[in-house]
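Colleague: One structure follows; several queries about it will come next.
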Amino acid sequence: FAAKDQQDRLARLIVESIQKSGDKYADAAKYDKAADFYLRVPKESPDAKVGAQAMMNAGVMYEKAKEPEDAADVYLDLAERYDRTAPDIAEKAAFSAGQVYEKVIYYERAAKAYELVVDKFGKGSRAPDALFNAGLLRQALGQNDKAIAHYKEYAKLNDRVYKQSVN
């Protein structure tokens, strides 16, 4: 494995092996172990999309293991780490963190996760929903100034989208 192409092949085989181990544990409903394997992939693979997808899989495994805080932590880490190199997956992860926190009634954390979607991925497909959800959560938390700001931005965003679709 001294040659560059052989080194690349070995690295790919290691990553595939780790992923297969994660899949095996996921199929056996051993979600914590599956997550552990998926989280090893970004350390072994230089490919951002492969690393980001493996972290997304780990987050899903933590959700299935009923460990929402671990799931949200992984999603937020993914969103921060891969915001430029795998933005589609990173945006989805940040939105998923908001959903997970919302399900377990951590409204402050959920609002921050949705705001992260807007701040980092403002032109992404999930930004309008994230902005609206953040507004609802800020309103529920009694943070009316923030809620109003989110609703105003949501209205502007929808107005722009509407005008673009009419033209």
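Colleague: In deg cm²/dmol and to the nearest 500, what is the mean residue ellipticity at 222 nm of the chain if only DSSP H runs of at least 4 residues count, each as -39500 (n - 2.57), divided by the residue total?
Modeller: It lands at -28000 deg cm²/dmol.
Colleague: A follow-up question, please. Lys/Arg Cβ at +1, Asp/Glu Cβ at -1, dipole of the range 1-101 taken about the Cα centre: which of Ala29, Ala3, Leu39 is farthest positive-ward?
Modeller: Ala3
Colleague: Please give the Cα centre distance for the range 69-143 versus the range 17-44, rounded to the nearest Å.
Modeller: Here the two parts' Cα centres lie 24 Å apart.
Colleague: Would you mind giving the average projected area, over all directions, of the Cα convex hull of the chain in nm² with one decimal?
Modeller: The orientation-averaged projected area of the Cα hull of the chain comes to 11.7 nm².
Colleague: Calculate the dipole size of the chain relative to its Cα centre from +1 charges on Lys and Arg beta carbons and -1 charges on Asp and Glu beta carbons; express the result in debye to the nearest 20.
Modeller: Charge dipole, the chain, about its Cα centre: 320 debye, nearest 20.
Colleague: Calculate one ³J(HN,Hα) per residue across the range 132-137 by plugging θ = phi - 60° into the Karplus curve 6.51 cos²θ - 1.76 cosθ + 1.60, and present them in order as whole Hz with x for glycine and proline.
Modeller: Once θ is set to phi - 60°, the couplings for the range 132-137 become 5, 4, 4, x, 4, 5 Hz.
Colleague: Rolling a 1.4 Å sphere over the protein heavy atoms, what is the accessible area per residue of the range 80-167, to the nearest Å²?
Modeller: It amounts to 61 Å² per residue over the range 80-167.
Colleague: Oh, and also: Quick one: P(r) of the range 105-167 from all Cα-Cα pairs, 5 Å bins, percents rounded to integers, in order of increasing distance.
Modeller: Answer for the range 105-167: a P(r) of 4, 21, 28, 24, 13, 6, 3, 1, 0 percent.
Colleague: In whole percent, and with a 1.4 Å probe on the protein chains, what portion of the accessible area of the range 9-93 is carbon and sulfur?
Modeller: 48
The values are calculated or read from the model by the stated rules, or taken from the named source; none is laboratory data. Bear in mind that the values here come from a model prediction, so they are computed numbers and not experimental data. Reconstructed Cβ throughout: ideal geometry from the backbone, glycine too, with neighbour counts over all protein chains shown. Please note that ligands, DNA and RNA were not included when accessible areas were found on the heavy atoms of the full protein model with its side chains. Shrake-Rupley method; radii C 1.70, N 1.55, O 1.52, S 1.80 Å.
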